[in-house]
1. Roughly what would the spin-label model give for E61 and T29, points 7 Å off Cα along C-beta, in nm?
2. Ranked highest first by the average count of other Cβ atoms within 10 Å around their residues, in what order do 26-33, 65-72, 53-60, 41-48 fall?
3. How far, in nm, would the chain grow between A73 and T22 when pulled straight, counting 0.36 nm per residue and subtracting the alpha carbon separation?
4. So if I take the alpha carbon set of the stretch 27-74, get Rg, then get Rh from the Kirkwood formula, what is the Rg over Rh ratio?
Amino acid sequence: MVAAGFGGPAGPPPGAGPVRPTITGGPETVAAQLQAVCEAGVGIADLIFSADLLPPEVPPESVKLFSKEVIPAFR
């Protein structure tokens with residue numbers, strides 16, 4: 001999980017600006033990473049399902065997969 005340490009073991013380099021932890025992987029991996037975030041005390045997370053380098057069809061499919069496979073793990 002890239003979010004571990006929020007920038008690596010030593011944290012982000014000085015002057016790097018805000019750190020944006022990344023959660024990636026298949027549904028089970030993403031659910032486990034989100035569970036770790038919850039256990040760290042985070043109550044609300046903003047999720048972004050797009051990136052400038054992805055083909056336009058990937059983010060909508062990611063949202064569908066997230067809603068079918070990850071959200072139910074948190075109910």
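1. 1.6
2. Values: 26-33: 15.4, 65-72: 13.2, 53-60: 9.6, 41-48: 7.9.
Packing order, densest peptide first, comes out as 26-33, 65-72, 53-60, 41-48.
3. Working: separation 51, 0.36 × 51 = 18.36 nm, distance 1.93 nm.
Difference between extended and current length: 16.4 nm.
4. Numbers: Rg = 11.8 Å, Rh = 11.7 Å.
Rg/Rh for the stretch 27-74 comes to 1.01.
FYI, it's all coordinate maths here, none of it is from the lab. On a predicted model such as this, the values are computed, not experimentally measured, just so you know. Please note: Cβ atoms are built from the backbone with ideal geometry, for glycine as well, and neighbour counts cover all protein chains shown.
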